[in-house]
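Okay, so here's the structure we're looking at.
Coordinate-derived values only; no laboratory data. None of the values given here were measured: they were computed from a predicted structure. Virtual Cβ from ideal backbone geometry, glycine too; neighbours counted across all protein chains shown.
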């Protein structure tokens, strides 16, 4: 069974984006080896808003080579968009019903792991239905004071720390798995 991995960045004060949607605080450096993460997955789960913003994003010609390589790798992945809006898109499959059942069906197919990209509503749905197998949270050395919170869940979530990575930029990545103890 493939794992569904929630891999996202947050500020020190727990926001995944600023009050105006800004992400300029997000650091991406070579020592983070994001390319290795991308090699470990072959599928990305998006909510519609996240897909519309980032699912087909292409850096401009002046962007650093590393950014171009990362987005090229992202664009090569199989994409599923969970949305109440049905639409035809030649770069993604839109799922409009039975989110949990469809996610489980995809997870049970052979292949590499799955990146749960977001957005916030989709992440909440996956967490509340026990669909996240690994939480990779990269905490960036910035506090925004306001924005979209990391989690908006209705019940307690207990996790077990599996690994910690510290990068030269000051980013700390915490990797957790769900606590399966009663």
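For region 4-178, evaluate the Debye formula with one uniform point scatterer on each Cα (no solvent term) and list log10 I(q)/I(0) at q = 0.17 Å⁻¹, rounded to two decimals.
Calculated log10 I(q)/I(0) at the listed q: -1.22.
Kindly provide the helix-only [θ] at 222 nm of the chain, computed as the sum of -39,500 (n - 2.57) over DSSP H runs of four or more divided by all residues, to the nearest 500 deg cm²/dmol?
About -5500 deg cm²/dmol.
For the residues 34, 151, 45, what sequence is obtained by ranking on other C-beta atoms within 10 Å, fewest first?
151, 34, 45
With both partners inside region 4-178, how many of the DSSP beta bridges are antiparallel, as a percent to the nearest 5?
40 percent
Only counting other Cβ atoms within 10 Å, I'd like 66, 136 sorted with the fewest neighbours first.
With the fewest neighbours first, 66, 136 line up as 66, 136.
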